[in-house]
Every structure is written in C-alpha cells, then in structure tokens.
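Contents: one structure, followed by commentary.
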C-alpha cells in the first residue's frame, strides 16, 4: 500500500526537520535489527535459544548430561 504525502506546502525548515526525524527513526530500526537472525534458505527466521536475550534455558544434550551430570548429582 503506497502512501502519498503532500510536502509542497512545507517550508525548508519543516522539510529538514522531517528528514532528520525520518533518518533518526530509520537508524533506530536498523540498529534493532542487527541482533536478529538472518532469513534461512526456506524463508524462515529461526530462533537462537543460546542468544542472551532469548529468555529460555536450553535443554542439555545427552553428551552434556554424560560429561557433566555427575557433578550435579546424576547417577553414573
């Protein structure tokens, strides 16, 4: 959907202010996207559960349980 804005009645000062505000907003959006994962070959954006901001505790793999489990009370 295309939006049309009438800018011909704006002064140079108003146009400069509008451009500066739009540039700031664009830079803010770009900065927030830097932490996102890239799109996969199938078009999906997977979740990285090991990312610090994800908020999930990943389940240990069987190898991790075998190697580190005894230190946490897991029987042999």
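The single condition from (1) loosely packed, with under 10 Cβ neighbours inside 10 Å; (2) modelled with pLDDT under 85; (3) over 25 Å from the mean Cα position of the chain (by Cα) that residue 70 fails is (1). The number of residues in the stretch 1-35 that are outside any helix (DSSP H, G or I), surrounded by 10 or more Cβ atoms within 10 Å (Cβ to Cβ) and within 20 Å of the chain's Cα centre (by Cα) comes to 1.
The values are calculated or read from the model by the stated rules, or taken from the named source; none is laboratory data. Predicted model only: the values in this text are computed from it and were never measured. Cβ: placed from backbone, ideal geometry, glycine included. Neighbour counts: every protein chain shown.
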